[in-house]
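Take a look at the structure below.
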Amino acid sequence: MKIHAESLLRPRLSVAMIVRDEQDVLAESIESIRKIAEEIVVLDTGSTDRTPELATQLGATVHHVPWENDFSAARNHCLRLVTGNWVLWLDAGERISPQYAAELRYFLDKQANPSNAYSVWVESPPREEAASAEQCSQVRLLPAHVDLRFSGRVRETLSESLQAVGFQTAVAPCRILRHPRQHEPERFLAKAQRDLALASAEAEATGNWSPRLLLVAGQAHSVLGDQDQARELLRNAAEISTPRSAQRLEAFYGLLTTFDEDPDLHASQLTACLDSLEDFPFDLQLLLALGNFMLVRERLDLAIRAFEAAVRFGRITPTVWHLCEVQEIAAVCLGLALQARQRDDEACTVLETALAARPDSARLLRRLFDLYRNRGKSAEAQALAERLPSAQLEVGPDRGAARENRQQLRFDAGQVSDYLTLHVAAPKPQHVGR
């Protein structure tokens, strides 16, 4: 076998995975990184299917360890097994596209600083075809260092050891794509039950309910349907979290969702949203939620102001899960709200400005196409139609009336509410487990 000198000199990349009963999704994950990794280490924690055998067939080095109800213990065990200069963490079912794999390999070879840990974008597919995918930034790429260790039984984190070692966190050019199976109801509920048990066990062992554990428990109770308990835990998490921290924002997101199912509590939900905006006045998702709450209350004037603030000033916190298309959704919500007030010229300007910034956005193309068509701008509509996928053009009748526009606006702003209910209520850990 011919070995190139360049491959001998470049940093060695180890991919680390913790698995159990993952035979249905493991191959896709391993195949996506085989060409860029010098080593793939799979730590099996008790599979009863063909997972270990399949991993070996795919070229991974497989080790076994009993599951100790502690994700940090498993991850730290796996860290002791890898031999590369860099460690990339993947969960079974996650994959990296060929383009991003090549970019990551080039980054490691030419640019990566061994005194930094690196976060990458992790993308979760939408529950429904018309919805937006979600993303957040997670620390997944680490230099080999004996003192780097995870802490916490659940929602395990490297933050304490990174700080102790003196490593900075930077951004690497990579995007990890998660598997759609996470939306399966049985898996969703089982994960909530598992996380609640692990959080309770850690709190009992340490005698302390930290913000991290309160978030885990509150989100789990919300998924399991105990909204009263979830509200109490998430309020506590917000109160003891560092002001303006990602943990506090996440607690506010989760708290808002606990009011969704009881119409008698919607006034309390609005109050909670306003309280959250006092700490995070420019948070894009909170501003969209506020606009949606105003819309439901038939206060279109206030909804427009909220959507305008979202478009002009809205920000996202990368380490908290958010819609990939949240900026586009903000522009669409504002455009539709302006249409409902017969302010079509302003709506056009909003959507045209947003599209200039994101020219490949199918969502913006479709909304501006609808607006042009409804206003009789045939040439402009035709130009946009040529940029849209054919499936996007299979549309129903025009929605010219203000009442119909308000109904459509509720649908688009409702995507934010759906997101808060379905996803932020149970945010994914910074280093997710099985």
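The values are calculated or read from the model by the stated rules, or taken from the named source; none is laboratory data. Since this is a predicted model, take the numbers as computed values, not measurements. Cβ sites come from the backbone with ideal geometry, for glycine too, and all protein chains shown count toward neighbours.
A few comments on the model shown:
- All conditions but one from (1) more than 25 Å from the chain's Cα centre (by Cα); (2) surrounded by 15 or more Cβ atoms within 10 Å (Cβ to Cβ) apply to Gly46; the one that does not is (2).
- Any hit, the range 348-360, residues being without any contact (Cβ under 8 Å) to a residue 24 or more places away in the chain, farther than 18 Å from Phe293 by Cβ, surrounded by 21 or more Cβ atoms within 10 Å (Cβ to Cβ) and not assigned by TED's automatic domain parsing to the domain that holds Ser119: yes
Residue-wise test of (1) among the polar types (S, T, N, Q); (2) in the same structural domain as Leu13 (by TED's automatic domain parsing); (3) under 24 Å from Leu213 (Cα atoms).
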{"residue": "Tyr118", "(1), (2), (3)": "no, yes, no"}
{"residue": "Arg127", "(1), (2), (3)": "no, yes, no"}
{"residue": "Ala131", "(1), (2), (3)": "no, yes, no"}
{"residue": "Glu134", "(1), (2), (3)": "no, yes, yes"}
{"residue": "Ser137", "(1), (2), (3)": "yes, yes, yes"}
{"residue": "Val154", "(1), (2), (3)": "no, yes, yes"}
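- Any hit, the range 294-304, residues being surrounded by 18 or more Cβ atoms within 10 Å (Cβ to Cβ), within 20 Å of Ala131 (Cβ to Cβ), of a type outside the set (Asp, Glu) and not assigned by TED's automatic domain parsing to the domain that holds Pro125: yes
- Helices (runs of 4 or more DSSP H) completely within the range 1-91 that count 3 or more residues being hydrophobic (A, V, I, L, M, F, W, C) and in contact (Cβ under 8 Å) with a residue 12 or more places away in the chain: 26-33, 71-79
- For the residues Ala230, Ala199, the requirement of being out of contact with any Pro (no Cβ under 8 Å at 6 or more places or on another chain), within 30 Å of Ser29 (Cα to Cα) and buried (at least 16 other Cβ atoms within 10 Å of the Cβ) singles out Ala199.
- When residues of the range 274-287 are limited to those that are buried (at least 21 other Cβ atoms within 10 Å of the Cβ) and out of contact with any strand residue (DSSP E or B) (no Cβ under 9 Å at 6 or more places or on another chain), the one farthest from Leu215 (Cα to Cα): Leu287
Each row is one residue, and each column tells you yes or no for (1) out of contact with any Gly (no Cβ under 9 Å at 6 or more places or on another chain); (2) of a type outside the set (Asp, Glu); (3) assigned to a helix (DSSP H, G or I).
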{"site": "Leu189", "(1), (2), (3)": "yes, yes, yes"}
{"site": "Ala197", "(1), (2), (3)": "yes, yes, yes"}
{"site": "Glu204", "(1), (2), (3)": "yes, no, yes"}
{"site": "Asn208", "(1), (2), (3)": "yes, yes, no"}
{"site": "Arg212", "(1), (2), (3)": "no, yes, yes"}
{"site": "Thr242", "(1), (2), (3)": "yes, yes, no"}
{"site": "Arg248", "(1), (2), (3)": "yes, yes, yes"}
{"site": "Ala251", "(1), (2), (3)": "no, yes, yes"}
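- Entirely in the range 265-362, the helices (runs of 4 or more DSSP H) that have 1 or more residues that are over 30 Å from Arg231 (Cα atoms): 300-313, 326-340, 344-357
- In the range 305-337, of all residues being among the small types (Gly, Ala, Ser) and surrounded by fewer than 24 Cβ atoms within 10 Å (Cβ to Cβ), the one that is nearest to the chain's Cα centre (by Cα) corresponds to Gly314.
- Residues being of a type outside the set (D, E, K, R), surrounded by 18 or more Cβ atoms within 10 Å (Cβ to Cβ) and in contact with an Asp or Glu (Cβ under 8 Å, 6 or more places away or on another chain) - total across the range 76-132: 8
- Check on Asp260, in the same structural domain as Leu234 (by TED's automatic domain parsing), closer than 29 Å to Gly225 by Cα, among the acidic types (Asp, Glu) and part of a helix (DSSP H, G or I): no
- Among the numbered conditions (1) modelled with pLDDT of 90 or more; (2) outside any helix (DSSP H, G or I), the only one that Leu388 does not meet is (1).
- In the range 126-166, of all residues being of a type in the set (A, V, I, L, M, F, W, C) and in a helix (DSSP H, G or I), the one that is farthest from Leu104 (Cα to Cα) corresponds to Ala164.
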